[in-house]
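Comments concern the structure below.
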Amino acid sequence: LRLAKGLLSTGTLVDPDLPGLIEGTRPPGYPLYLAAFLYLGIPLWAASLIQLAAASFIPIFIMKIGGLLGFDKKPIAVTGWFTALEPLEVLYSVTLLSDAFGALFFIAGAYFLVRFWRVRAWNNLIASALILGLMNYVRPIALFLYILIPAFLLAAGWLLERRSWKEHLKAAVTFGVIFYLV
């Protein structure tokens, strides 16, 4: 919240309590989100409400991943309920912290990556790279995924489908480039 206020007052990611000291460890995505509410004069509880609505998609993506992986409906439903009722996720979904959006971006990116692996539609790979790349503007925990996911795609292609290994190389490069550019 302080960074959002600093963004509005100075145009940079600076804490108003520490003028002249630009924040170099936090990404700008969440402060920009909060700054929009402050700038428009919308109460911050609305930001929390939108965040709660966005976080409600996390169990849905979790259940969709379970379906793509071939799990039965009962374990998928149980997993969805556990994800929806998990205490920390419930707390973080209404607290003004970037955790809920970070989790949503990560799970959504994972969903599109698994969907790419199952149906081999390139738009899913591109969506995964975009979402996981954008995640770094909210929570920078995905910084090395531009290396790890292409390495996984290459290794899985080599071990499971050697005949189409070149397609996996193409997918790995595509993911890495899009993620890196974002």
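The values are calculated or read from the model by the stated rules, or taken from the named source; none is laboratory data. The shown structure was predicted, so the numbers you read here are calculated from the model rather than taken from an experiment. Cβ atoms come from the backbone with ideal geometry, glycine included; neighbour counts cover every protein chain shown. Just so you know, the surface numbers come from the protein's heavy atoms only, side chains and all, with ligands and any DNA or RNA stripped out. Shrake-Rupley method; radii C 1.70, N 1.55, O 1.52, S 1.80 Å.
Projected over all directions and averaged, the alpha-carbon convex hull of the stretch 41-102 occupies 4.3 nm².
Candidates P150, L130, F37 compared by Cα position along the dipole of the chain: farthest toward the positive end lies P150, with charges placed on Cβ. Rounded to whole Å, give me the distance from the Cα center of the stretch 43-96 to that of the stretch 129-165. Cα centroid of the stretch 43-96 versus Cα centroid of the stretch 129-165: 23 Å apart.
A 1.4 Å probe run over the protein chains yields, for the chain, 60 Å² of accessible area per residue, whole-number rounding. When the charge dipole of the chain is built from unit charges on Cβ atoms (+1 for Lys and Arg, -1 for Asp and Glu) and taken about the Cα centre, the candidate among I65, P28, T79 whose Cα reaches farthest toward its positive end is I65.
Subtracting the Cα-Cα distance of L169 and V78 from 0.36 nm times their residue separation leaves 29.1 nm of extension gain.
Protection proxy ranking, highest mean first, for peptides 64-73, 128-137: 128-137, 64-73, where packing is the per-residue count of other beta-carbon atoms within 10 Å, averaged. Ligands, DNA and RNA left out, the 1.4 Å accessible surface of the stretch 89-181 is 71% carbon and sulfur atoms. Remark on the stretch 68-164: hydrodynamic radius 15.1 angstrom, per the Kirkwood mean of 1/r across alpha carbon pairs. Around the Cα centre of the stretch 26-170, unit charges on the Cβ atoms of Lys, Arg, Asp and Glu (plus for the first two, minus for the last two) sum to a dipole of about 580 debye.
Just checking the listed ones, L97, L21, L34: in the Gaussian network model of the chain with Cα springs under 10 Å, the one fluctuating most is L21. Rounded to the nearest 500, the helix-only mean residue ellipticity at 222 nm of the chain stands at -23500 deg cm²/dmol, with each DSSP H run of n ≥ 4 adding -39,500 (n - 2.57).
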